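The block underneath contains the structure these notes are about, expressed in structure tokens.
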Amino acid sequence: PTDHTLHPALLDAALHPLILNTPQNEQTTQRIPFAWSNITLHATHATTLHAHLTPTTPDTVELALFDADGGPVARIGGLTTRPVSRQQLGAAAGATDESGVHLLEWTLLPPAEDVPAPQSVALLGTADPLELAPVLGGCARYEDLTALGTAVDAGAEAPGLVLVSVAGEGEGTTDVLTATRTVLYGATGLVQEWLSDERFARSRLVVVTRGAVATRPGPEIRDLAAAPVWGLVRSARTENPERFALLDLDTVPAIASATADAVLQVLTEELPEAAVRDGSAHVPRLVRPADAAGVLTPPVGVGSWRVDVTSKGTLGNVALVPHPEGERPLAAHEIRVAMRAGGLNFRDVMIGLGMYPGDDAMIGGEGAGVVLETGSEVTGLSVGDRVFGMFPSGGLGPVGVTDHRLTARIPRGLSFGQASVIPVVYLTAYYGLTDLAGLRAGERLLIHSAAGGVGMA
């Protein structure tokens, strides 16, 4: 083909010499590209390539590509690879799950015996709120990155690992918003300074928190102010995978020696993310829903789906089913909505149990979301508006279609979740007062022992 800039077959062939750089202890694995950086394209449509590969770290090489006449074609400042076993490649090739859905699970990292403390470690900060110094032993300590940089300029070796504690005020914080801003702004400045300082180009910054990430169901997060720092560092790590790592410590005191061993194992194995729980290290892993109990998976080969009960009589038959209504062309008065929240009510329970009259009733008739598309005669609503209302064809899915006259804009200050549960409750009250009771202006009303499964408006 002539429309390429750098033909993928040529680029793939240029990477074949990487096999010669495979360490002896990785003879049963194959290295695959993980991250590309500092790419410069000098020429296009090359039909022949000469490649010059220079290892810069055990995991990274620099590539210089030339054409048949020796002219520069491209330069890749850093290609980072990762080892993958034949078993992993075989499992991926033989996978039958086509849904593309995976879940994040924190799994126990098998403990290592007699883990030595890393030799090249520095700890930042005059205070040590997470008590890392006793775990790291005689590591060098510096007030901040400026002080560390000064030491490097004076002849000290740049440490391989630089640890910094990030902590909010804990559970006792009353002004979480202010605490979060303070912690996040400080962490942002640290990340920017870290990336801009070439003295630390071969070092890794390990951000350590306590109770800032949830590894299992339940109220596990104790430091809300530090929780957003994980998202910040993860974003920075996508472009700089070798420069950052995250470690979260347990909020429940465990055996000190076990916790120390787990921390040292995480640092020694250079894990990108880990959490210490009950004295053991846990790492995040993606698993298929088939391996996790009680998880619903979308149907394969359809563009839109919704939640429904496949066999009425028990709520245990809830499933994700195809929803062609979400994809069909809109009628003149209809809108298509990207659902953000759906409401469940007493009526939905009765439908699931088979106690609601009629066979065509479906659960999830109310919800809230953002308008994606409007019909030709829709007025008062535009693409991007936040709306809530009734969705007779089902609103428990990624997309819902309804008549725009059954919806309204979400009032300012209400979340999607709050708005999604308003329609049935308030419309039921309105129906009871106006249609059933026939109330008129000026009449008096006595509400006595009003109760029911729908709830109070």
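FYI, it's all coordinate maths here, none of it is from the lab. All values reported here derive from a predicted model rather than from experimental measurement. Reconstructed Cβ throughout: ideal geometry from the backbone, glycine too, with neighbour counts over all protein chains shown.
Computing Cα Rg over 2.2 N^0.38 Å directly from the structure and comparing it against [x] 1.57; [y] 1.29; [z] 1.00 singles out [y]. With θ taken as phi - 60° and the Karplus curve 6.51 cos²θ - 1.76 cosθ + 1.60 applied, the whole-hertz 3J(HN,Hα) list for region 331-348 is 6, 4, 9, 9, 10, 10, 10, 7, 6, 10, 7, x, x, 10, 9, 4, 4, 5 Hz, x standing for glycine and proline. Since only Val115, Val370, Thr297 are under comparison, the one whose Cα sits farthest along the positive direction of the charge dipole of the chain, derived from C-beta charges on Lys, Arg, Asp and Glu, is Val370. Calculated [222 nm] ellipticity per residue, helices only, for the chain: -6000 deg cm²/dmol; basis is -39500 (n - 2.57) per DSSP H run with n ≥ 4, divided by all residues, nearest 500. 3J(HN,Hα) couplings calculated from phi for region 137-151 with the Karplus curve 6.51 cos²θ - 1.76 cosθ + 1.60 (θ = phi - 60°) are, in sequence order, x, x, 6, 6, 10, 9, 5, 7, 5, 4, 5, 5, x, 4, 5 Hz; Gly and Pro show x. Residue-wise HN-Hα couplings along region 181-194, as the Karplus relation 6.51 cos²θ - 1.76 cosθ + 1.60 with θ = phi - 60° gives them from phi, are 4, 4, 5, 5, 5, x, 5, 4, x, 5, 4, 5, 5, 4 Hz; Gly and Pro carry x. If amide hydrogens are placed 1.01 Å from N in the peptide plane, which non-local residues have theirs closer than 5 Å to the one on Leu123? Answer set, sorted by chain and number: Ala140, Arg141, Tyr142, Leu163. Taken along the Cα-to-beta-carbon direction at a fixed 7 Å, the label points for Ala9 and Thr268 span 4.8 nm. Most tightly packed first, judged by the mean number of other beta-carbon atoms within 10 Å of their residues, the peptides 194-206, 32-44 read 194-206, 32-44. Dipole size of region 106-287 about its Cα centre, with +1 on Lys/Arg Cβ and -1 on Asp/Glu Cβ: approximately 380 debye, rounded to the nearest 20. Remark: the chain carries a charge dipole of roughly 1060 debye about the Cα centre, counting +1 on each Lys and Arg Cβ and -1 on each Asp and Glu Cβ.
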